[in-house]
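J.: There's a structure below that I have some questions on.
The values are calculated or read from the model by the stated rules, or taken from the named source; none is laboratory data. What you see is a predicted model, and the numbers here were worked out from it, not measured in a lab. Quick reminder, even Gly has a Cβ in these numbers, built from the backbone with ideal geometry, and neighbours come from all protein chains shown. Note: accessible area is taken over every heavy atom of the protein model, side chains too, but ligands, DNA and RNA are not part of it. Shrake-Rupley method; radii C 1.70, N 1.55, O 1.52, S 1.80 Å.
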Amino acid sequence: MQCQPTQTPQDIDIPALREKYRLERDKRVRPEGQQQYVRPTGGSVARFEADPHMPMQPRAPLSEDLDVLVLGGGWGGIMASYHLSQAGVTSLRNVDTAGDFGGVWYWNRYPGIQCDNESYCYLPLLEETGFMPSKKFADGWEIQKYCRSIAEKFGFADKALFHTLISELRWDDRLQRWRVGTNRGDDIRARFVVLACGVLNMPKLPSLAGMDQFQGKMFHTARWDYAYTGGGYGQPELDKLKDKRVAIVGTGATAIQAVPHLAKYAKQLYVVQRTPSSVDERPNPPTDPQWQKTLQPGWQMERKVNFHHAAMEGLRPGEPDLICDIWTEMNRNLQAEMQAEGWPALSMEQFMARREVIDYRVMERLRRRVDAAVKDPATAESLKPYYRFLCKRPLSSDEFYPAFNRPNVELIDVAETKGVQRMTAKGFIANGKEYEVDCMIFASGFEVTSDLERRWGMDTVAGRGGKSIYEHWSEGPSTLHGTMTHGFPNQFYIGYIQGGLNASVTEQFGEQGRHIAYIISESLKRGLKVVEPSQQAQDDYVRHFRELEIDFSEFQNACPPGYFNNEGEDRPKWALFRGYGLGWDAFQKLMADWRDQGDMQGLVVER
């Protein structure tokens, strides 16, 4: 059955809603910006690298020369190592603080964890591995297991160093290698390094006075403590909470999955919310074996292209929406409207104006969904999202809103005070009232668009002349093709950095990995010891990128504070949606043409 446009309310007052959005944003903005959060460094909450899931195994320090060191065992690191392996590079290692492959899917083991966009697009290399997710939104344990299986299938699993934190990376001009120091005493001399440090890498905590005074249990959702709550990974029977008063801080992507399980088991649950998420329905059927039998070679790329169009760049005339969920609703409805009018020629301003109207209608549909699901009118009103679509990550759940109908669950809206005011020995203070709790759980997310030194977890990354990457990129990135930067030879980056933007993060990281693997493998084949962008080539690319860049600052400035805009910054220098202005396909053609040319134009090489 073909996916149909949704029925959205027409009786809305857009000027009034626009003003409502502004008021709701302004009351949540804090002058501290990113400084309102801190890194878990021990004490009341365990250090970020401490692993509650798997004990660290002792090993002797390594001293070795290596062709490629890949920092990270999440999707970025996995896709880099996959493409390097496919290109014939065998002298490589992944290094990660986690105990196995998976990145955020290793660390995040909270109850209810699932993929929140479609697994058939999100999980890469399905045709190459022969794997098929068990359902539309796969469980976290299934995803982490699949991460491991890719590394095993393509021969780089047994080379990885886990429970290893890189403390410093220094370019050694004499050796023409990167000197890599770790918390395990290693001295690795890598010809090339790939920094696949991840988007959801460094957990963050609200900087609250009194955290050191609290006498109960505290942990971040990315370090879930099943020894305290009961249950286990994939088995969310939190039976040890039956006599516990629990608070969870945050109502983002993690909380909407964890709250229903906490509500079921805790004696009392307080859900502390600064900004509500939009939460749509979540049909999550098992994978249909009959559908699976109909799939032809190339099916996954076809589906990913469709998802990218439907979620980001717009569905083409006659193109079906194969995904059919909250991520694609806006463009599906816009396509139906345009199709009904015979696809009229519109200016960019006219097109965006139409899209804005659909945005308001979709968000109103989602707000009215709260009224239908939550019995208490005051609670329902507090749970309504008053902002534009994609100001925050769109979410889906059939269980989150009904949890607030339980007598043991209370929503605490802290918008007026811009968050929890402080912690006490017995609990926390919100809106001037003390709430006594036995356990405080922080679903406060990760450092996503904040400054690099807050995110990467490495004390030192020093290029030529000892220059710090943190200083070099203090005002944002300057790169060639989003993957290399002048002054840091043989160093490559995977992430949201001056390149093409794809709706599937794994597709984006995979294509970055492909490009990096080409440069590294060709350098090894050609006997090149050093490759580095020239200053001129970098300047030319950055100018080209900025000339084409679409300015989303007006949209982002109208959004409430969150990780998309680095807590309300006017122009966040690490904003996720700063992609190549001509679109994903144009950027991939630019990269493919550069590789096909074969002369590594713009790179200064040393043999």
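J.: For the chain, go through all pairs of different Cα atoms, get the mean of 1/r, take its inverse, and jot down that Kirkwood value in Å.
T.: After inverting the pairwise mean of 1/r, the radius is 25.4 Å.
J.: Per Stokes-Einstein, at 25 °C and 0.890 mPa s, what whole-number D in µm² s⁻¹ belongs to the range 466-543, with the Kirkwood radius over Cα pairs as the hydrodynamic radius?
T.: Details: Rh = 13.3 Å.
Translational diffusion coefficient: 184 µm²/s.
J.: Any chance you could get the radius of gyration and Dmax over the Cα atoms of the range 396-465, in Å?
T.: Cα radius of gyration and Dmax of the range 396-465 are 18.6, 63 Å respectively.
J.: Top to bottom by accessible area (1.4 Å), largest first, where do VAL542, VAL604, VAL357 land?
T.: VAL604, VAL357, VAL542
J.: Whole number please: convex hull volume per residue, Cα atoms of the range 293-352, in Å³.
T.: On the way: hull volume 5.7 nm³, N = 60.
In the range 293-352, the Cα convex hull volume per residue is 96 Å³.
J.: I've got another one for you. Determine the shape class of the range 422-496: with a ≥ b ≥ c the square roots of the Cα gyration tensor eigenvalues, call it rounded for a/c under 1.5, and otherwise prolate if a/b is greater than b/c, oblate otherwise.
T.: prolate
J.: Compute the length gained on full extension between ARG393 and SER149: take 0.36 nm times their separation in residues and subtract their Cα-Cα distance, giving the result in nm to one decimal.
T.: 85.0 nm
J.: Quick one: Karplus J couplings for the range 524-541, per residue in order, coefficients 6.51, -1.76, 1.60, θ = phi - 60°, nearest Hz, x for Gly and Pro?
T.: So the Karplus estimates, Gly and Pro as x, are 5, 5, 8, x, 8, 8, 9, 10, 7, x, 6, 4, 5, 4, 5, 4, 5, 5 Hz.
J.: For the range 159-249, what does the alpha-carbon gyration tensor say about shape, rounded, prolate or oblate, given a ≥ b ≥ c as the root eigenvalues, a/c under 1.5 as rounded, and a/b over b/c as prolate?
T.: Note, shape of the range 159-249 comes out prolate.
J.: To continue, here is another question. How large is the accessible surface per residue of the chain, computed with a 1.4 Å probe and reported in Å² as a whole number?
T.: 41
J.: Convex hull over the Cα atoms of the range 1-98, averaged projected area in nm²?
T.: Average projection, Cα convex hull of the range 1-98: 15.5 nm².
J.: Scan around LEU501 for amide H atoms under 5 Å from its own, H built in the peptide plane at 1.01 Å from N, and keep only partners 5 or more places away or cross-chain.
T.: Those qualifying (amide H under 5 Å, at least 5 residues apart or on another chain) are TYR580, TRP584.
J.: In terms of modelled amide H atoms, which long-range or inter-chain residues lie less than 5 Å from the amide H of VAL604?
T.: Amide H neighbours of VAL604: GLU532, SER534.
J.: Also, quick follow-up: Got a sec to turn the phi values of the range 21-38 into Karplus ³J(HN,Hα) couplings, 6.51 cos²θ - 1.76 cosθ + 1.60 with θ = phi - 60°, whole Hz, x for Gly and Pro?
T.: For the range 21-38, the Karplus curve yields 4, 4, 5, 5, 5, 4, 6, 9, 6, 10, x, 6, x, 5, 6, 6, 10, 9 Hz.
J.: Give me the percent of the accessible area of the range 484-607 that comes from carbon and sulfur atoms, probe 1.4 Å, all protein chains in place.
T.: About 50 percent, which is the carbon plus sulfur part of the accessible surface.
J.: Computed over the Cα atoms, what is the radius of gyration of the range 235-286 divided by 2.2 N^0.38 Å, N being its residue count?
T.: Ratio of Rg to 2.2 N^0.38 Å for the range 235-286: 1.25.
J.: With θ set to phi - 60°, apply the Karplus curve 6.51 cos²θ - 1.76 cosθ + 1.60 along the range 429-446 and write out the HN-Hα couplings as whole Hz, x wherever there is a Gly or Pro.
T.: Here the 3J(HN,Hα) series is 10, 9, 6, x, 10, 8, 10, 8, 9, 8, 9, 10, 10, 9, 9, 9, x, 10 Hz.
J.: In whole percent, what relative contact order does the range 415-552 give with Cα contacts below 8 Å and a gap of six or more residues?
T.: That works out to 17 percent.
J.: Net charge around ASP398, counting only other residues with Cβ within less than 10 Å of its Cβ (Lys, Arg = +1; Asp, Glu = -1)?
T.: -2
J.: Let a ≥ b ≥ c be the square roots of the eigenvalues of the Cα gyration tensor of the range 369-509; is it rounded (a/c under 1.5), or, if not, prolate (a/b larger than b/c) or oblate?
T.: It comes out prolate by the Cα gyration axes.
J.: Mind listing the lone cysteines of the chain, meaning no other Cys beta-carbon sits under 4.7 Å from theirs?
T.: When partners are defined as cysteine Cβ atoms under 4.7 Å apart, the chain leaves CYS115, CYS121, CYS147, CYS197, CYS439 without one.
J.: Which whole-number percent gives the relative contact order of the chain, counting Cα pairs below 8 Å spaced six or more residues apart?
T.: In percent, rounded to a whole number, it is 20.
J.: Using the structure shown, select from LYS27/LYS573; LYS136/LYS240; LYS153/LYS240 the pairs with a Cα to Cα distance greater than 28 angstrom.
T.: LYS136/LYS240; LYS153/LYS240
J.: What does the convex hull of the alpha-carbon atoms of the range 114-268 project to on average, in nm²?
T.: Its average projected convex-hull area is 13.2 nm².
J.: Please list the non-local residues whose amide H lies under 5 Å from the amide H of VAL38, H modeled 1.01 Å from N, same-chain partners needing a gap of 5 or more.
T.: Sorted by chain and number, the residues that satisfy this are LEU205, SER207.
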